[in-house]
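These notes are about the structure you will find just below.
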């Protein structure tokens, strides 16, 4: 085992902000320019929805040569659903 201690995750800091304002320990809140900020969360999917996501990943990889993440596909789906609901109201 290595004797050096390395930071592997945010741990409790992911949920609770440091009240002392120590910027070294605080999680980074700004996303790089050009990319929207991502937030890690857990989503429970039905098995057929997960299978559909995986099929879309494979289809996009064959079509474009790049494999989109499930996050990318969910973003597209939510954007389309939001547009559809806003026009139908």
Exercise. From the list 38, 83, 23, pick out the single residue that is part of a loop (DSSP other than H, G, I, E, B), at pLDDT 80 or above and surrounded by fewer than 11 Cβ atoms within 10 Å (Cβ to Cβ).
Key: 38
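Matching residues to (1) in contact with a strand residue (DSSP E or B) (Cβ under 7 Å, 6 or more places away or on another chain); (2) surrounded by 11 or more Cβ atoms within 10 Å (Cβ to Cβ); (3) modelled with pLDDT of 95 or more:
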residue: 47; (1), (2), (3): no, no, yes
residue: 65; (1), (2), (3): no, no, no
residue: 68; (1), (2), (3): no, yes, no
residue: 72; (1), (2), (3): no, yes, no
residue: 76; (1), (2), (3): no, yes, no
Exercise. Under 7 Å between Cβ atoms, at least 6 apart or on separate chains: pull out the pairs that start in the range 31-53 with a residue that is over 16 Å from residue 78 (Cβ atoms) and end on any residue that is part of a loop (DSSP other than H, G, I, E, B).
Key: 31/37
Quiz item: Are any residues in the range 61-74 without any contact (Cβ under 8 Å) to a residue 12 or more places away in the chain, under 23 Å from residue 40 (Cα atoms) and in a helix (DSSP H, G or I), and if so, which ones?
Solution: 72
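The values are calculated or read from the model by the stated rules, or taken from the named source; none is laboratory data. The shown structure was predicted, so the numbers you read here are calculated from the model rather than taken from an experiment. Note: ideal-geometry Cβ built from the backbone for every residue, glycine included; neighbour counts use all protein chains shown.
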